[in-house]
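Novice: I'd like to ask you about the structure that follows.
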């Protein structure tokens, strides 16, 4: 697939996927969603980590409201249609890909972009970046998985505050609340995010298993989580990377993992 709305590159095991419509601050649209799903499909086959970011001054400004204006006169309009047709599939792709995903946020992670940013396994933000659940200001409800992802990450009351009041959540507060893992100076965001993704890409196969276990744990019982840990420990222990890790430990050297 030729990409019009995103950029994609693969280097040193890291697939860098970037939303690429700077004139709208990377507003999400249906075609962009299809391209993102395709890029994650390639990354699932060829990469050992993914870096998801935005080109230009913003991560993602949300859904493209300008494109919705033509629907206002139609009483049967369905602004959620593009979620079903493509954009929700992006969130599912991020969850299901068996390699870690780093989301790197500069500027706005607004609307749909807030959920997209929060879906990362690790979230790194520039100092001036912010989350913005702006839906109340246009009479819509949150999407991009944000009702689920934010409530799980920061709790129901804080998620409600962001959604019901529609106030911006700056990077420093996002870090304090547990919605971000790291905050760095804006000028250092790209390098810091790439370094983090490369560190993950150099890790063992078990990182992907850790990701799957943690996502599953969000919605399962304690007993089910224990069972998952037991099964995945078997799988990790049968990997080449486990052999390398134990061998390197015995030889007092740094392991060289292959992701297998």
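Novice: How would you rank 15-21, 170-176, 1-7, highest first, on the average number of other Cβ atoms within 10 Å across their residues?
Specialist: 15-21, 170-176, 1-7
Novice: A further question on this structure: Most fluctuating residue of 155, 250, 13 in a GNM of the chain with Cα springs under 10 Å: which is it?
Specialist: Highest fluctuation of the listed residues: 250.
Novice: Follow-up. Based solely on its DSSP helices, what 222 nm [θ] is calculated for the chain when runs of n ≥ 4 H residues each add -39,500 (n - 2.57) and the sum is averaged over all residues, nearest 500 deg cm²/dmol?
Specialist: The per-residue figure over the chain is -13000 deg cm²/dmol.
Novice: Can you sort 157, 53, 228, 76 so the residue with the fewest Cβ neighbours within 10 Å comes first?
Specialist: 76, 157, 228, 53
Novice: Oh, and also: Could you tell me what fraction of 2.2 N^0.38 Å the Cα radius of gyration of the stretch 119-191 comes to, as a two-decimal ratio?
Specialist: 1.10
Novice: Determine the equivalent ellipsoid of the chain by diagonalising the alpha-carbon gyration tensor, then write out the semi-axes as square roots of 5 times the eigenvalues, largest first, rounded to whole Å.
Specialist: One finds semi-axes of 33, 20, 18 Å for the chain.
Novice: Still on this model: Taking Rh as the Kirkwood radius computed over C-alpha pairs, what is the Stokes-Einstein D of the stretch 206-250 at 37 °C in a medium of viscosity 0.692 mPa s, expressed in µm² per second?
Specialist: In µm²/s, the coefficient is 291.
Novice: Report the Stokes-Einstein translational diffusion coefficient (µm² s⁻¹, integer) for the stretch 10-71, Rh taken as the Kirkwood radius over Cα pairs, at 37 °C with viscosity 0.692 mPa s.
Specialist: 263
Novice: Okay, next question. Could you give the radius of gyration (one decimal) and Dmax (whole number) of the Cα atoms in the stretch 160-260, in Å?
Specialist: Calculated on Cα positions, Rg and Dmax stand at 18.5, 56 Å.
Any read-out appearing in this document is the output of simple, stated calculations on the displayed coordinates, not a laboratory observation. Computed from a prediction, not measured in an experiment: that's the story for all the values here. In this analysis, Cβ positions are derived from the backbone assuming ideal geometry, glycine residues included, and neighbour counts consider all displayed protein chains.
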